[in-house]
Amino acid sequence: MSDDPLYTPLCRLLGIELPILQAGMAGGPTTPELVAAVSEAGGLGTLGAAYMEPEAIREAVRAIRRLTAKPFGVNLFAAPMRDDYSRYREVQAVLDRLAAPLGVPPRAGIEPVPTPDRLERQFEVLMEEGVPVISTAFAPLPERLARAARDAGRHVATMVTTVEEAEIAEAAGCDFLVAQGSDAGGHRGTFDVERHPNGALVGTFSLVPQVADRAGIPVAAAGGVMDGRGLAAALLLGAQGAQLGTRFLTAAESGAHAAYREALLASREDDTVVTRWFSGRPARALRNRFVAEAERAGIEPMPFPSHNTATGPMRREAARQGDAGYMALWSGQAPRLLTRDTPAADIVREIAAQARALLTRGRAN
Ligand SMILES: Cc1cc2nc3c(=O)[nH]c(=O)nc-3n(C[C@H](O)[C@H](O)[C@H](O)COP(=O)(O)O)c2cc1C
């Protein structure tokens with residue numbers, strides 16, 4: 001297989017056949033069926049477990065294992081979960097007004113809900129269950145945990161948005177990096193959001209070669225990679241693989257809400273914005289009614305994770321009612337390249353075939 005341009009050292013490291021990583025996406029899209037289908041097709045499926053209770057992670061990991069014997073990953077948030085509710089009343093009053101059309105009861109007059117810090121217990125479950133790849137957003141795993149994972153033969157990774165973050169992550173013991181360009185859907189992986197309130201916003205084409213040149217460990221490119229052209233480009237830019245999020249949201253096995261999928265399939269390249277109004281951290285989402293109104297409120301949201309906890313009731317009610325106007329519709333900048341209900345295995349195989357043809361024959365097919 002060594003003359004296959006898709007079989008990179010990252011594939012060898014992770015024990016996978018294709019350099020296609022399905023992003024761990026917190027909040028429900030990455031069902032065990034999706035994760036297993038991607039891994040079974042030769043890529044690396046990843047469970048987005050950041051918001052999951054430790055025992056729910058254990059169940060999901062076991063469900064993945066029942067569907068595939070191949071390697072897979074689990075993704076967690078490694079940011080400190082320290083609440084800052086100092087501006088709670090002011091911001092909650094805005095959220096109450098914006099969520100009123102959904103019938104969400106106002107909360108500004110009641111005590112804020114503390115955000116649980118689950119990282120240690122989530123990590124313990126991953127260790128107990130023998131999860132092969134542990135990836136994080138917002139920071140590398142704390143050193144003690146990274147060392148324990150590596151000592152047990154697990155691979156650890158984190159998402160970076162600048163060369164400086166790549167250097168920090170490598171020094172913290174990561175085995176590989178995900179270089180996330182500003183095109184990417186979902187949260188910016190930026191470590192220091194006080195320094196970069198909207199996240200570092202370096203485009204995928206600019207970021208990947210600069211990170212790849214400086215990193216001594218493999219790099220996967222993320223942000224706007226949707227098909228074999230994107231994967232081929234990522235490899236030509238010096239990455240050893242690509243991590244795709246948005247592309248899998250409309251896959252057959254995706255757990256994304258039906259209204260969310262429809263909004264994605266109807267959207268265009270200029271429909272997204274980077275907003276802090278869902279979670280307090282910058283994230284790229286479709287500009288729906290909530291985002292448009294919140295951005296006009298004239299105040300700043302609270303910091304993460306408190307703001308995320310505060311918008312929870314609205315997001316849950318929006319999901320219950322199927323109202324995409326109030327959901328966090330995370331999306332990258334290439335939604336026109338989405339396909340409807342394609343099985344994830346077909347997505348992986350088509351991307352691989354197209355990239356291989358481009359890299360070996362210089363043609364798309
Ligand atoms: C719905 C959604 C949820 C995401 N959740 C996470 C997450 O929990 N952890 C993480 O590391 N990255 C998360 N990301 C970011 C992805 O890792 C990746 O950087 C991004 O999807 C790449 O850009 P693309 O969406 O254009 O493929 C998420 C992305 C999306 C679209």
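Just so you know, all these numbers are worked out from the coordinates, no wet-lab data involved. If you're wondering where the values come from, they're calculated on a predicted model, not measured in any experiment. Heads up, the Cβs are rebuilt from the backbone with ideal geometry, glycines too, and the neighbour counts pull from every protein chain shown.
Summary table
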read-out	value
0 to 90° range, to nearest 10: angle between helix 54-67 axis and the chain longest Cα axis	30 degrees
Cα long-axis angle, helix 344-361 against the chain (0 to 90 degrees, to the nearest 10)	50 degrees
Highest-fluctuation residue, MET25, MET226, MET127 considered, GNM on the chain with Cα pairs under 10 Å	MET127
Under DSSP loop assignment and at most 12 Cβ neighbours within 10 Å, longest trypsin sites (Lys or Arg not before Pro)-free interval of the chain	83-194
Cα pair distances exceeding 34 angstrom across the chain, given as percent	21 percent
Least to most buried among MET81, MET327 (fewest other Cβ within 10 Å first)	MET81, MET327
For region 72-106 and region 298-362, distance of Cα centres in Å	20 Å
Three-way shape label, region 176-324, alpha-carbon gyration tensor, a/c 1.5	oblate
Inverse mean reciprocal Cα-Cα distance (Kirkwood Rh) of region 266-337, Å	12.5 Å
Fewest-first ranking of VAL202, VAL225, VAL133, using other Cβ atoms within 10 Å as the exposure measure	VAL202, VAL133, VAL225
For the chain, share of DSSP beta bridges that run antiparallel, in % to the nearest 5	20 percent
Cβ-based exposure ranking for LEU13, LEU18, in which fewest neighbours within 10 Å come first	LEU13, LEU18
